[in-house]
4 protein chains.
Amino acid sequence: MEPTTPQEACFEAGIKFGTLYHQFAGTPVSPESAPSLARAMEEAIENQPFCSSVSVEILEDTLAAELADQSADYTELTGRFMEVEIAVDYDGVDVLATMAMDGDYPRMELQRVGD
Amino acid sequence: MEPTTPQEACFEAGIKFGTLYHQFAGTPVSPESAPSLARAMEEAIENQPFCSSVSVEILEDTLAAELADQSADYTELTGRFMEVEIAVDYDGVDVLATMAMDGDYPRMELQRVGD
Amino acid sequence: MEPTTPQEACFEAGIKFGTLYHQFAGTPVSPESAPSLARAMEEAIENQPFCSSVSVEILEDTLAAELADQSADYTELTGRFMEVEIAVDYDGVDVLATMAMDGDYPRMELQRVGD
Amino acid sequence: MEPTTPQEACFEAGIKFGTLYHQFAGTPVSPESAPSLARAMEEAIENQPFCSSVSVEILEDTLAAELADQSADYTELTGRFMEVEIAVDYDGVDVLATMAMDGDYPRMELQRVGD
């Protein structure tokens, strides 16, 4: 069947999440550089069509714990170190989606579609 | 409202497209290396949950035309050089989505949701 | 032959350039989001070992000219839109390297090694 | 001082390593998709100037051990899962460089410069 407008809105939200994760995963990150990286991720993804807002929180405690256990004083950005919320407005349909750890897996999930 | 299963299927399809594009955009590519890159992109994305198949076609004519106009004998992969088809099966809902150039923009689109 | 300390310093400078370019190439960018992206690139790469400073300048005029010619109001970051300077200090050997367009190719070059 | 030819050769080798790592880190990978990814990485980097050969070995045992400990049946490519050898020939100067784990850090190292 032809996709509906809400389905297209959900597809757009998925694109933003895949983009955010795979553009920035692997970036060298430390507690000092986390704020500028989070801000750049938000503003980069907000450029994409239909994206009304992006919020990236780098989990500084999780990051600090990782660094305490290893030899280098930075690591690579991965899903374990961030929580993300993305809002899409596609032809009047609002979608809210999030990413957070679900056990050991960074789960991207639709939270709300439409009103 | 709570997302429906077909909406979640579309969200998953979007994630795969964002991943594919932003993981591999920027990769050095030439006509010689295009087949191995296309194959790796397909198999990498097929690892993701609910992804039943991925087909990546590198547009070798477009790539050759670009190389004829520039000094280096390779370039960076971008949307202009590929067409992609991704099939998702999420809880029994099949989604087919594609990427191709729409004028100067690499358009990712849902083609079919469910039966 | 065994590498010398200045050769190792140059190798380190090269790593930083390859990292910066291929981590961030493909990022959605517009004149509005360029400053946060430039800052994040600088701070991310400065995390790497032996890296004393990184300066990224997004060429806003070149970016604006590109956007005037296309349908979308953002594009993907690539070498044409930035000039970069990276300083490395490896075991007391300073290296300065730059990236800028050389005709149609983003040329990464050593400028100075040691005193 | 002006860089010497061997120093420039080492800079080029560093660029290739930074490119390889940060282009492909984060790629979804499993034992089944590892061979196609390794091949694509080799051929992609061999496109770059002065690069005579690239060898990527995905460490399938390390990868399998990681997967046995987690819920998903794939993971993201990172330094822990690969060993890489890159040969550069720059104006007649051969450089051999490698990447392998050094404790918990993926160490990129010059092995040999010139004859």
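The values are calculated or read from the model by the stated rules, or taken from the named source; none is laboratory data. Because the structure is a prediction, the values reported are computed rather than measured. Backbone-built Cβ (ideal geometry, glycine too); neighbour counts: all protein chains shown. The protein model used for the area step is the full one, side chains on, heavy atoms only, and it has no ligands, DNA or RNA in it. Shrake-Rupley method; radii C 1.70, N 1.55, O 1.52, S 1.80 Å.
Worth pointing out:
- Region D:1-35 - residue that is assigned to a loop (DSSP other than H, G, I, E, B) and β-branched (V, I, T) and, of those, nearest to B:L20 (Cα to Cα): D:T27
- Filter result for A:I45 (in contact with a Lys or Arg (Cβ under 6 Å, 6 or more places away or on another chain), within 23 Å of C:Y21 (Cα to Cα) and open to solvent by less than 10 Å² (accessible area, probe 1.4 Å)): yes
Let's see how each residue does on (1) among the aliphatic types (A, V, I, L, M); (2) buried (at least 20 other Cβ atoms within 10 Å of the Cβ); (3) in contact (Cβ under 8 Å) with a residue 40 or more places away in the chain; (4) more than 8 Å from every other protein chain (Cβ to nearest Cβ):
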site	(1), (2), (3), (4)
D:I15	yes, yes, no, no
D:L37	yes, yes, yes, no
D:S53	no, no, no, yes
D:T62	no, no, no, yes
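- Restricting region C:45-102 to residues that are small (G, A, S) and assigned to a loop (DSSP other than H, G, I, E, B), the residue that is nearest to A:S71 (Cα to Cα): C:G92
- Scope region D:93-115; condition within 20 Å of A:E76 (Cα to Cα), among the charged types (D, E, K, R) and in contact with a Lys or Arg (Cβ under 9 Å, 6 or more places away or on another chain); matching residues: D:D104
- Boolean, C:L110 is outside any helix (DSSP H, G or I), surrounded by 14 or more Cβ atoms within 10 Å (Cβ to Cβ) and either modelled with pLDDT of 95 or more or within 14 Å of chain A (Cβ to nearest Cβ) (or both): yes
- Restricting attention to region C:65-99, the residues being open to solvent by 40 Å² or more (accessible area, probe 1.4 Å), more than 18 Å from D:T5 (Cα to Cα) and away from chain A (no Cβ under 14 Å) number 9.
- Given (1) farther than 25 Å from C:A38 by Cα; (2) at pLDDT 95 or above, number of the condition A:I15 does not satisfy: (1)
- Matching option when the condition is within 14 Å of chain D (Cβ to nearest Cβ), under 18 Å from D:A25 (Cα atoms), in contact (Cβ under 8 Å) with a residue 40 or more places away in the chain and polar (S, T, N, Q), among C:T19, C:T27, C:T5: C:T27
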